[in-house]
1. Considering A:Leu292, A:Leu285, A:Leu280, which residue is more than 9 Å from every other protein chain (Cβ to nearest Cβ), of a type in the set (A, V, I, L, M) and in a helix (DSSP H, G or I)?
2. Kindly list the number of the only condition in (1) within 26 Å of B:Lys391 (Cα to Cα); (2) within 14 Å of chain A (Cβ to nearest Cβ); (3) over 24 Å from the mean Cα position of the chain (by Cα) that fails for B:Glu129.
3. Which of the residues spanning region B:53-86 are part of a helix (DSSP H, G or I) and either surrounded by fewer than 16 Cβ atoms within 10 Å (Cβ to Cβ) or touching a residue at least 24 places away in the same chain (Cβ under 8 Å) (or both)?
4. Right, B:Asp298: within 14 Å of chain A (Cβ to nearest Cβ), under 18 Å from B:Asn444 (Cβ atoms) and touching a Gly at 6+ places or on another chain (Cβ under 7 Å) or not?
5. Take region B:87-131 and flag every residue that is among the small types (Gly, Ala, Ser), in contact with a strand residue (DSSP E or B) (Cβ under 7 Å, 6 or more places away or on another chain) and assigned to a loop (DSSP other than H, G, I, E, B).
6. Restricting region B:439-450 to residues that are facing another protein chain (nearest Cβ under 10 Å) and in contact with a helix residue (DSSP H, G or I) (Cβ under 8 Å, 6 or more places away or on another chain), which is nearest to B:Asp288 (Cα to Cα)?
7. Can we say B:Arg375 is crowded, with 21+ Cβ neighbours inside 10 Å and closer than 23 Å to B:Glu129 by Cα?
8. Among what's in region A:149-170 and is within 12 Å of another protein chain (Cβ to nearest Cβ) and in contact with a helix residue (DSSP H, G or I) (Cβ under 8 Å, 6 or more places away or on another chain), pick the residue that is surrounded by the fewest Cβ atoms within 10 Å (Cβ to Cβ).
Amino acid sequence: MRHGKYPFVIGFLFAPIALYVTFVIWPYAQAFQISMTNWRGLSAPQWVGFDNYRRLLDDGAFWKAVQHHGVLLLALPLITVAIALFFAFLLNVGGKSSGGQRQGVWGAKFYRVVFFFPQVLAVAIIAVLFQMVYRPNESGLINGVLMKFGLEPILFLVKPNLALWSIIAVLVWQAVGFYVVLFSAGMASIPGEIYEAAEMDGATRVTLFFRVTLPLLWDTLQVAWVYLGIAAFDAFAIVAVLSVDGGGPDGATTVLAMEIYRNAFVYSKYGYASAMGVALFFLTLTFAALTLRLTKRESVEY
Amino acid sequence: MSITPEHPAALDRRTVLRRAAAVGMLATPAIGLLSACATSGSDNDNEQVAGGTKSAANPLGVKEDAPIEVIIFNGGYGEKYATDVHEPLYKKAFPKAEVKHQATQAVSTVLQPRFASGNPPEFVNNSGEKLMDFGALVADGQLQDLTELWDAPSVDDASKKVRDTVVPGTIEAGSFNGKPYVLYYVSTVFGIWYSAKLFKDNGWAPAKTWDDFIALLTSIKAKGITPYGYAGANAAYYQWNVILTQAAKIGGTDVLKNIDNLEDGAWKQDAIKQAATAWAEVGAKFSDKSFEGLKHTDVQLRQNQYKVALYPSGDWIEGEQKQDTPAGFDYQLMPVPSLTASDKLPATALRATAGEGYFVSAKSKNPKGGLEYMRQMLSTAGAKGFTEVVKAPTVVTAGSEGFAFPPGVASSQAALKAAGQDVFNLYFDGWYKELDTEARTATNELMFGRINADAFVERIQKRADAIKKDSSVTKFKR
């Protein structure tokens, strides 16, 4: 079958690549072009060179958004990975050992399904759900209970220094389930004998976790970190639906995608919005490259 | 002008799902979204139909059998008024013409690509949360000049021009740099709303002076009801509207004209500072901090439950809240009270305008047909039919006569009459969306006690200055 191999392969690849180029690569490339214009979405765009990028430099909202991405970039992966690791450890190897095989805690199978629930829900539904949870009066899920006890309601999304953390909490809540499953799969592939041997040497659960599980999970962790980092550059849907006044109060929760949306679809400044999009593209790319480089280390073969 | 009775910036479930889908598709670099529509521009290869013969019945010279496409925003007013009233009127006048009807809840989503490819529909009801930016449309020459329509004889009386059949200010409301481009069709009056029942039960009366107003708020508070509130989460512009109305009453209508014209220091005028100081105090003493996190529908619902006494809005509120208003609630409008005895305008003065924008695309195939459709809308039959279907008054004076409006609209119409010549309007929010956004944010900061009046005017002025300097923004004057 060597004969005619290339036409065969090309025939298969042509359609998907054509689709991908048309609907993914081409729009991306076009965004670079639009970012150099002052297109308002109707008539033909006018070329303005790097004007839009110069404007970005003294746009307060843009830098505020970048700053929030910084916070998200630290908080989101750190908190999510920590919680997910803890749960995954409990679900897989945190319980008693039976027949030399480490087990999860009691009811692990049930918990595993429950943890995955948020992942099944659409992001928009989660945001609407948390509108109810965070509602600042007696009809809110949390504040309703607080007010029953005669306490002052907590203004989650309204207090400028609390709003971003309220958003982060939702992002974490939504992400944890997936990473529990990811880490569980990683842990399941760690051979039981290693645990057994460590245990015979008198290792406690804590030592087991830090000396056995964590090093052997390194590759999975690295992937999780990159995924969560990229998620930290997004957060649009949650912010757009959940936050007060579209990224407020006074821009306290705004993210780049929110500013892009506002500039494009509210102010009709498609060119400027595209410039922000390009900036976001490079930020994300830089982050992914840096993470992969910095976390590179010898993976353990087993 | 973003005066629409529909949820101003609210995200309804559909929008949310649509946006979520969009976000899902783009993953992180959201730039993909921006380029979804190509930048081909509208190098108009759209051939326009030739004109028909002008006659008494066809003063605009519409080609009798040329089709016309009508896009209606299916929001608070629905689409029934178009399919049941206006389109049949056009069909009656031009039986050979085909009227294509399309209703949408996302005007820009449907029309942006049509404009970009140079094939826009003739007639558009540009409204709702996803309306297209009027300023951008005008700047791009997409809108048909309506002068011809306003100067045409009206359908009912050939000796009268169309411009003489509508309430004063209608044409100005839809004008950009002095040229009429947009027909705002629904008469809209702004003020502070209360329940006649709640006030009667408690022996309260609407206030005309500031002292009375504070006394009223104090006694409402004593009753355990939140005296005043607006929704900070998505409807902060309801409140900047009150502050600016107050400022216009203190310093005269030029205060607003200066703002619209981006005059230097317009926001730092003394009247605005005074108004902001007074309302910041109302926010601090007589409102509820949690309202900043609520949407307009939440706060309006609380008013219907008699938990909030006074709420600022336009007179669409009665129709909007129809489902939730208990029997006997009786919406009533109170104009913003006078702040000082030396106010330039009387206590009865108020902001009124025409809302719900319609335009004719200049680059469509049959723009004359679009103009004729508007002429039919502005006939007595068209206006009466609209009012009967949606229960809202139009700008056509003869259209509202003899119609029994529900109590809220009746009260706003009465207030409008009482105001006489002291009716004013403002335009900056439609002309410069960025300034609107900044004013909303600053209003929340002011009313929920994070900044004072000085900082309020300072920060909006700063944004106004930036817009004035920005060469990429088309400027408007009035």
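The values are calculated or read from the model by the stated rules, or taken from the named source; none is laboratory data. Note that the structure is predicted; figures quoted are calculated from it, not measured. So basically every Cβ, Gly included, is an ideal-geometry build from the backbone, and we count neighbours across all protein chains shown.
1. Values: A:Leu285 fails: more than 9 Å from every other protein chain (Cβ to nearest Cβ); A:Leu280 fails: more than 9 Å from every other protein chain (Cβ to nearest Cβ).
Answer to the selection: A:Leu292.
2. That leaves (3) as the condition not met.
3. Within region B:53-86, the subset part of a helix (DSSP H, G or I) is B:80-86.
B:Lys80, B:Tyr81, B:Ala82, B:Asp84, B:Val85, B:His86, listed by residue number.
4. Numbers: within 14 Å of chain A (Cβ to nearest Cβ): yes; under 18 Å from B:Asn444 (Cβ atoms): yes; touching a Gly at 6+ places or on another chain (Cβ under 7 Å): no.
For B:Asp298, the condition - within 14 Å of chain A (Cβ to nearest Cβ), under 18 Å from B:Asn444 (Cβ atoms) and touching a Gly at 6+ places or on another chain (Cβ under 7 Å) - is not met.
5. Filtering region B:87-131 for residues among the small types (Gly, Ala, Ser) gives B:93, B:97, B:103, B:106, B:108, B:116-118, B:127-128.
With the extra rule that they be in contact with a strand residue (DSSP E or B) (Cβ under 7 Å, 6 or more places away or on another chain), the set shrinks to B:97, B:103, B:127-128.
Listed by number, the residues that qualify are B:Ala97, B:Ser127, B:Gly128.
6. Let us first name the residues in region B:439-450 that are facing another protein chain (nearest Cβ under 10 Å), namely B:440-445, B:448, B:450.
Adding the requirement that they be in contact with a helix residue (DSSP H, G or I) (Cβ under 8 Å, 6 or more places away or on another chain) leaves B:440, B:442-445, B:448, B:450.
On the way: B:Arg440: 18, B:Ala442: 18, B:Thr443: 15, B:Asn444: 12, B:Glu445: 14, B:Phe448: 9, B:Arg450: 14 Å.
Out of the qualifying residues, it is B:Phe448.
7. Numbers: crowded, with 21+ Cβ neighbours inside 10 Å: yes; closer than 23 Å to B:Glu129 by Cα: no.
No.
8. Step one: filter region A:149-170 for residues within 12 Å of another protein chain (Cβ to nearest Cβ), giving A:152-163, A:166.
Imposing the further condition that a residue be in contact with a helix residue (DSSP H, G or I) (Cβ under 8 Å, 6 or more places away or on another chain) reduces the set to A:152-158, A:166.
Details: A:Glu152: 9, A:Pro153: 20, A:Ile154: 17, A:Leu155: 22, A:Phe156: 24, A:Leu157: 26, A:Val158: 28, A:Ser166: 20.
The selected residue is A:Glu152.
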